[in-house]
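The values are calculated or read from the model by the stated rules, or taken from the named source; none is laboratory data. Here the structure is a predicted model, which means the values were calculated and not measured. No Cβ is skipped: glycine too gets one built from the backbone with ideal geometry, and neighbour counts run over all protein chains shown. We work out accessible area using only protein heavy atoms, side chains counted, and drop any ligands, DNA or RNA first. Shrake-Rupley method; radii C 1.70, N 1.55, O 1.52, S 1.80 Å.
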Amino acid sequence: MTEWIRPPSLDEALAARREHPDFMLLAGGTDLMVGAIARPAPVGVIDLFGLPELSGVSRDPAGGLRLGAGTTFAALLTDDAVRTELPALWAAAREVGALQIQARATLGGNIGTSSPVGDSLPVLLALDAEVEVASSRGTRRLAYDEFCTGYRTHALGGDELIVAVHFPADIGRRVQAWRKVGTRRAQSISKVMFAASVERGADGTVTLARLAFGAVREQPIRALAGEQCLAGETPDAALAEAVAAAVLTDIAPIDDVRSTADYRRTVAGRLARRFVLSLA
Amino acid sequence: MAERPPLDRPAPDGHGGGFSRRSFLKGASSVIAAGGVAARSLEAGMTEGAEAAGAGAPVISGETEITLDINGAARKLRAEPRTTLLSALRVRLPEPLTGTKEVCDRGNCGACTVIVDGRPVYSCLQLAVDLQDKRITTVEGLGSPEDMSPVQAAFCRHDALMCGFCTPGFVMATTACLDKHGTPSEATVRHELSGNLCRCGTYPHIFEAAQTAAKSRAGGGLR
């Protein structure tokens with residue numbers, strides 16, 4: 001890495017991105033600086049940490065929350081709107097690495113790295129988040145499950161930057177859940193992550209169901225069979241078993257250095273079952 | 001060692017690069033990282049200097065002089081874009097500050113924890129060039145053997161160390177925790193120190209030390 005650029009504004013960041021498509025983007029550096037041991041070194045870095053236009057939480061015109069891509073997990077944790085309307089994301093932010101990581105790691109960086117074990121990513125699926133990207137040509141918004149295209153890949157164009165994440169206006173009405181299972185509670189890379197949200201009718205039936213997992217496939221996924229099983233039903237013990245069985249058809253975990261496929265299947269089923277039981 | 005000096009590229013004053021807004025810079029040549037699996041390919045894989053900077057964006061290319069605010073004093077040093085804060089402190093400073101320890105060098109163990117603008121961070125994951133407008137506090141900035149900070153004194157009193165190599169990182173993380181919470185619960189202390197590892201297993205004493213330090217600070221003698 002021979003060159004380092006810190007653009008003072010989004011316009012200049014986009015210009016730098018256009019002129020240096022081969023430079024790596026550094027959001028907080030908590031992944032890039034570690035991955036540097038294993039990857040070919042970048043010729044240069046565009047450092048986006050602290051770029052004012054990418055930081056902070058605001059309300060978009062539709063009434064939903066707009067989280068700047070450069071907002072650190074530490075900043076998300078101190079935001080009242082995030083805590084009350086996006087409790088699943090708040091809980092995930094609290095378990096990303098440890099304090100020293102949360103001080104630098106950003107939501108946009110997590111999305112850009114696009115790892116199957118990115119802690120915030122199942123939450124984005126469970127909460128119907130949209131990713132806002134910008135280039136000198138303009139901006140566009142994609143649902144997160146369109147944005148993430150596979151193992152560590154995504155739909156970001158070579159001249160684009162992730163600028164924000166949007167959540168639906170009524171997201172705070174949903175029951176939300178988050179659970180991370182790792183070797184220890186802090187500073188561990190997840191073996192399985194689970195995020196969920198549901199809306200319920202007056203009679204208690206589930207009218208909308210979102211179940212998402214990380215670390216059980218090549219990318220964070222929604223468990224669509226599990227969701228279908230849950231939607232329209234009234235949660236009880238039998239339904240919990242059925243949903244737990246259904247999510248096993250959604251996932252395809254592998255054995256790796258952190259865990260085994262068997263363990264991940266067992267845990268994924270239990271996380272889904274406990275979530276449904278919590279609604280009963 | 002935190003950083004192997006480039007073998008083939010001495011840093012003649014003002015020639016290896018510089019802080020500029022120039023649109024074209026030919027910077028560093030290739031570099032061989034000397035030995036060891038810990039040699040970061042970020043450092044090892046340097047190639048020819050990149051061309052053309054962003055439209056008016058601040059650029060650092062190759063080695064340049066930077067100024068860091070460390071423990072309240074402006075400290076000048078020569079650094080490259082790849083230089084971590086950890087190696088800046090331990091190796092690059094004309095008068096190195098080696099209280100901050102290097103252990104994993106990959107953001108896992110907490111031994112290199114310093115406080116930047118009030119928050120604990122891993123100095124091994126920070127680029128030094130990125131921190132020129134930030135307040136950096138290292139363990140040397142807390143106190144001295146003759147005049148210890150409440151946290152340092154409490155670690156001694158509670159025998160909160162065995163080999164001591166993780167201790168500076170724990171002292172910094174504890175200081176940041178008490179700065180933020182005053183008198184935190186043990187659960188808060190445990191959570192906020194969870195980014196620091198002690199392989200000797202002195203955690204119970206560390207948590208006791210944190211409580212003692214909180215009380216001693218609440219009674220005055222804040223640092």
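Brief remarks on what is shown
- Solvent-accessible surface of region A:61-153, averaged per residue with a 1.4 angstrom probe and all protein chains in place: 32 square angstrom.
- Mean projected area of the Cα convex hull of region B:138-209, taken over all directions, amounts to 4.4 nm².
- For the protein assembly as shown, the fraction of 1.4 Å probe accessible surface lying on carbon and sulfur atoms is 53 percent.
- Relative frequency of Cα-Cα separations exceeding 26 Å in region A:8-163, percent: 20 percent
- Modelled FRET efficiency - R0 51 Å, A:Arg140 with B:Ala218, Cβ distances, 0.05 increments: 0.45
- Cα gyration tensor, region A:112-201 - rounded (a/c under 1.5), prolate or oblate: oblate
- Label-reachable residues, region A:155-174, where backbone N falls under 18 Å from a point 7 Å from A:Ala81's Cα toward its Cβ: A:163-174
- Based on DSSP H segments of at least four residues, each scored -39500 (n - 2.57), the protein assembly as shown has a per-residue ellipticity at 222 nm of -8000 deg cm²/dmol.
- Tensor-based shape of region B:78-216 (alpha-carbon gyration tensor, a/c under 1.5 rounded, otherwise prolate or oblate): prolate
- Region A:172-279 - charge dipole about Cα centre, Lys and Arg +1 at Cβ, Asp and Glu -1, debye rounded to 20: 560 debye
- 0 to 90° range, to nearest 10: angle between helix A:261-279 axis and chain A longest Cα axis: 70 degrees
- Packing-based ranking, highest mean first, of A:104-116, A:18-30 given that Cβ atoms within 10 Å are counted: A:104-116, A:18-30
- Normalised per residue, the accessible area of region B:64-126 is 32 Å², obtained with a 1.4 Å probe and no contribution from ligands, DNA or RNA.
- In chain A, the longest principal axis of the Cα atoms and the axis of helix A:237-250 are about 40 degrees apart.
- B:Asp159-A:Leu208 pseudo-label distance in nm [points 7 Å out on the Cα-to-Cβ vector]: 5.9 nm
- The A:Ala169 and A:Glu218 beta-carbon pair, evaluated with R₀ = 30 Å, returns a calculated FRET efficiency of approximately 0.40.
- Area hidden from solvent between B and A (accessible, protein heavy atoms only, 1.4 Å, total, Å²): 3800 Å²
- Residues losing 40 Å² or more accessible surface upon assembly, region A:160-186, compared with the chain by itself, 1.4 Å: A:Arg184
- Working note: Debye formula, equal point scatterers on the alpha-carbon atoms of region A:172-279, no solvent; log10 I(q)/I(0) at q = 0.19, 0.23 Å⁻¹ is -0.88, -1.20.
- Accessible area (Å², per residue) of region A:172-279, counting only protein heavy atoms and a probe of 1.4 Å: 46 Å²
- Per residue, the convex hull spanned by the alpha carbons of the protein assembly as shown comes to 150 Å³.
- Peptide packing for B:208-214, B:83-89 was compared via the average number of neighbouring C-beta atoms within 10 Å per residue; ordered from the highest value, the list is B:83-89, B:208-214.
- Over 23 Å (Cα to Cα) - which of A:Lys180/B:Lys134; B:Lys180/B:Lys215; B:Lys101/B:Lys134; A:Lys180/B:Lys215 fall in this group: A:Lys180/B:Lys134; A:Lys180/B:Lys215
- Region A:10-54: C-alpha gyration tensor shape, a/c 1.5 cut-off, then a/b vs b/c: oblate
- In chain A, the alpha-carbon atoms span a convex hull of 120 Å³ per residue.
- With θ taken as phi - 60° and the Karplus curve 6.51 cos²θ - 1.76 cosθ + 1.60 applied, the whole-hertz 3J(HN,Hα) list for region B:190-203 is 4, 5, 7, 9, 6, x, 10, 10, 10, 6, 7, x, 8, 3 Hz, x standing for glycine and proline.
- Peptide packing: for A:168-178, B:138-148, the average count of neighbouring Cβ atoms within 10 Å per residue gives the ranking A:168-178, B:138-148, highest mean first.
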